[in-house]
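Structure, as C-alpha cells:
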Amino acid sequence: MADHGARDEVRIARSVAGLVGLLAGALGFAAVSLAIGEGWIVLRRDGPVSIVMGWFGFLFSGIAALVALRRLVFGPRFPVRLRSTGILDRRQFRSEIPWTDVTDVTITPVNWWGGAQLMLTLSAEGLRRLDWNGSYRVFGRLGLLMQIDRIHIPTIDLKTSPSRLEAEIRRFLADVTPPAPQ
C-alpha cells in the first residue's frame, strides 16, 4: 500500500505477512536441508554429495531466515520510497537512484505460483554509482562483473502489487523523461 505523505513522495510499506511467509519458508527449507545434511533423509545414494548439498542448503536458507527475521524485527516501516528525484530501496541501497539513471522498468515472474518482481534497467553510469547495502555490496558487484544492467526490486515483502509499483515508477519516470523527437 502506498502512502502519499507528500505530493512528490510515495512511501511503500513493508508487508509483515510477506516477511512471515519468507521466514517460514526459509525455516522449513533449513529443516529439510539439515535433515539431508545429517543423513536423516536420503534422496539418493550419493553419500557425501547429498550431505554437502544438504549443509549448503542449510547454510543458505539459514542466512535467508536471518535476513527475513532482521527485516521483520528491525526493518524500516517504509522500505521503498519514490521521490521526484529518484527511488530509494532501503533494503538494498544506501542512497537514492536518480530517475535519470533509470532507462526502463519491467515486471518479471519469479516463481510458478504467480510471484513477481520489478526490474529496473539502469544506465552504465547509474550502475557504477549504486551504493549497495550489506551483502548486496558483494552480489551487486558480481552482477556488474557479469555485465548485468538491471536491478531487482522484490515486492513479496511490500504492501503493494508489482503492477501498482510499476505504474507509480512510470508516473515518476514520465516527469523526467523528455518526449521523443518527431
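Bear in mind that the values in this text are calculations on the coordinates, not laboratory data. In this text, all values refer to a predicted model and were calculated from it rather than measured experimentally. With ideal geometry, Cβ positions are generated from the backbone for all residues, glycine too; neighbour counts draw on all protein chains shown.
Some notes on this structure:
- Additional length obtainable on full extension of the chain from Glu125 to Ala17, 0.36 nm per residue less Cα span: 35.2 nm
- The range 147-168 versus the range 34-97: alpha-carbon centroid distance in Å: 18
- Radius 14 Å from Cβ of Asp104, net charge of other residues (Lys, Arg +1; Asp, Glu -1): -1
- Two-site FRET efficiency, Ser163 against Ile63, from Cβ-Cβ distance with R₀ of 35 Å, rounded to 0.05: 0.70
- Order by protection proxy (mean Cβ within 10 Å, highest first), peptides 115-126, 65-76: 115-126, 65-76
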